[in-house]
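The values are calculated or read from the model by the stated rules, or taken from the named source; none is laboratory data. The shown structure was predicted, so the numbers you read here are calculated from the model rather than taken from an experiment. Cβ placement follows ideal geometry from the backbone for every residue including glycine, while neighbour counts extend to all protein chains displayed. Keep in mind that these areas ignore ligands, DNA and RNA; they rest on the heavy atoms of the full protein, side chains included. Shrake-Rupley method; radii C 1.70, N 1.55, O 1.52, S 1.80 Å.
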Amino acid sequence: PNINYCQSVEKSAHSVRHVDGRRGRHLGQMANSEASRTSPASVTLCILIGLQIVFLPILGCDATQNVSIRHSLSGLSAGGSMVAQHFVAFSSVVDGAAIIAGSPYACGSLPDFDNACNYDEPEIDTEALIKTTAARVKAGLIDPTSTLATLPLYLFAGEKDTVTYPEVMHKANAYFKHYVHRNKLRVLFNMSAEHGYITDGVGECCDCHWGTYILNCHYDQAGDLLQHIYNGELKSPRNWAAYKENVFVLNQRAYAPEGAWWPGLQIHETGWAYVPEACQGWENVQACRIHVHYHGCGQFGMMPAMEIGYNQWAEANRIVVLYPMARAAIGNLGGCWDWWGVTGKDFDTKEGLQLRTVMAILHDLPNAIVWNGRVQNRTKSIVDQ
């Protein structure tokens, strides 16, 4: 097939130029040629996006220290548990968070984590989690818990959830009440919903099970949780259509911690970034708010990035929404974010490989977004291909 152009890295990991290619058989030669022009410490990753080849730098970056870019968080299920980990570990740079059908911090470190963190059987010992948290603060593995006190936190559990039982989120509420001021907590545990994202007009029935995990309960969850995080300051969207042309590819592999074995991170090479029109460009993006959303297990592709309601609020309020993507691997066939230690024992601390990767992306966001990698009319993700 004809290839229109290739993006490659030259001299710096983040300066780009275009290389014309006419035949597929020349791609290997082109990749080798371009890789030879990068710094010795870098390698080039070639990914097919539609009919365009994008060369992404693989640098071995780490930026867990002195991170200056503030951001907010949300996530569903395993992604909700990932939010709890991110929220507690890096609370000094977080503006607020939303946990949807997840689990309390450090739950994945419990001996019987699978049953406890999904079904509250055996019952989660929140006092033990609080002691674990204190020990990790003392060891410098997470930020001081005092920084959590004034941060907005949204907690949601559906009454009919059969994947993560509501009792688990009740324990999350008990855990976070120990740190977060009551007036900063928004707790919704009384909706007759199954396990999934809750929307107003998109998805399946509110109590549907094992489908897309996007449930139409006639409730704008994305808007409600973002308003809570940003203290009710957001403007309501004027246009409720999804702005697909504003979804860009997010380079993830370039930001793996130095020396880490990439397959062991269980993160996909790329994710997605919704960038409002007013935030597009290297300089503009730095002036906008940032929200990170962690998907649930099995939610590959673009559906979460397009259908759960965040982008419309983002467009109206200059919020860049990052949709980092995990990937399936041995021991993690659902492609879940690591909430139980599959990537290493420090998974839920500042030393966690996945958390370090996401933080490195945030620290270098203007360069992590592939600006000539618009999604436009694509309907499948790179994972799908």
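Data overview
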{"read-out": "Failed item, numbered, when Ile130 is tested on (1) in contact with a Ser or Thr (Cβ under 8 Å, 6 or more places away or on another chain); (2) open to solvent by 10 Å² or more (accessible area, probe 1.4 Å); (3) among the aliphatic types (A, V, I, L, M)", "value": "(1)"}
{"read-out": "Single unsatisfied condition, Cys297 versus (1) touching a Ser or Thr at 6+ places or on another chain (Cβ under 9 Å); (2) more than 30 Å from Trp210 (Cβ to Cβ)", "value": "(2)"}
{"read-out": "One residue from Gly203, Gly232 being within 24 Å of Asn311 (Cα to Cα), touching a Ser or Thr at 6+ places or on another chain (Cβ under 7 Å) and open to solvent by 40 Å² or more (accessible area, probe 1.4 Å)", "value": "Gly203"}
{"read-out": "The one condition in (1) open to solvent by less than 40 Å² (accessible area, probe 1.4 Å); (2) out of contact with any Pro (no Cβ under 7 Å at 6 or more places or on another chain); (3) β-branched (Val, Ile, Thr); (4) over 30 Å from Asn372 (Cβ atoms) that Val249 fails to fulfil", "value": "(4)"}
{"read-out": "Filtered residues of region 264-300 (kept if over 28 Å from Lys345 (Cα atoms) and under 13 Å from the mean Cα position of the chain (by Cα))", "value": "Ala273, Tyr274, Ile290"}
{"read-out": "Search result, residues across region 140-169 that are crowded, with 20+ Cβ neighbours inside 10 Å, assigned to a loop (DSSP other than H, G, I, E, B) and more than 21 Å from the chain's Cα centre (by Cα)", "value": "Asp161"}
